[in-house]
């Protein structure tokens, strides 16, 4: 606070002003610190959690395998197994999945994505299975 003396007498007036300069200085120092300090975690690095097996997989299910380099396989595992067959494209896999689901509408789908496969491929397969009306779609873990 500053005092202002007038020439008319001995009256002193109190002048109330907020001095914001120290606040601006502190804010600029903090801004420089946050800009200069590198982040502690690399934003492109994702640490995925590991999952434990909570329940046993069903006895009969449709298995889709997504391997690296876009290789796809589909088959039935269970009492009447059909070996995994290689599929050339995703549209062929969706057509084959639709046929198998028509034959066995109560079978759930289990998608086994390889560690080196693309995450987008697995998500797209889950989406396609949900669009077909398959309500039980799961992911295979070790």
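Name the strands (runs of 3 or more DSSP E) wholly inside the stretch 44-95 in which the number of residues that are in contact with a helix residue (DSSP H, G or I) (Cβ under 9 Å, 6 or more places away or on another chain) and modelled with pLDDT under 80 is 1 or more. It would help to see each step written out before you state the result.
Values: elements: 61-66, 72-77, 82-87.
Qualifying strands (runs of 3 or more DSSP E): none found.
Here the stretch 96-129 is the region considered, the condition is being in a loop (DSSP other than H, G, I, E, B) and more than 13 Å from residue 139 (Cβ to Cβ), and the residue that is modelled with the lowest pLDDT is 116. Within the stretch 115-135, restricting attention to residues that are surrounded by 12 or more Cβ atoms within 10 Å (Cβ to Cβ) and under 17 Å from the mean Cα position of the chain (by Cα), the residue that is farthest from residue 69 (Cα to Cα) is 126.
The values are calculated or read from the model by the stated rules, or taken from the named source; none is laboratory data. Quick caveat, the model's predicted, so the values are computed rather than measured. Note that each Cβ is placed from the backbone with ideal geometry, even for glycine, and that neighbours are counted across all protein chains shown.
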